[in-house]
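The values are calculated or read from the model by the stated rules, or taken from the named source; none is laboratory data. On a predicted model such as this, the values are computed, not experimentally measured, just so you know. Methodologically, a virtual Cβ is constructed for each residue, glycine included, from the backbone with ideal geometry; neighbour enumeration extends over all protein chains shown. Side chains included, ligands, DNA and RNA excluded: accessible areas come from the protein's heavy atoms. Shrake-Rupley method; radii C 1.70, N 1.55, O 1.52, S 1.80 Å.
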Amino acid sequence: MEVYAKRTRVYAAMNNHKKAIEGANQILRNDPENVEAYVIRAGSRHQLGDLEGAKQDNDKMSEMGYKQIY
């Protein structure tokens, strides 16, 4: 799973947000409580203009006890 996380972080850092979202989705399929994947996906969704998707990820993080970022 760490390989997916590293690759997903790199995609996000390179502004390849579609690939970052795909990677975050893969992580979340295997680990639905992975906060880092929600953070990355929320940021990438926000960058692509998917504000509703970013909000959904933020809401999920909030439910898990983490601070919202968007």
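Listed values, structure above:
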| item | result |
| --- | --- |
| For Q26, net neighbour charge (Lys/Arg +1, Asp/Glu -1) across residues whose Cβ lies under 11 Å away | +2 |
| Value of [θ]222 nm, deg cm²/dmol, for the chain, DSSP H segments ≥ 4, -39500 (n - 2.57) each, nearest 500 | -23500 deg cm²/dmol |
| The chain - percent of accessible surface contributed by carbon and sulfur, probe 1.4 Å | 49 percent |
| Accessible area of the chain divided out per residue, in Å², using a probe of 1.4 angstrom | 63 Å² |
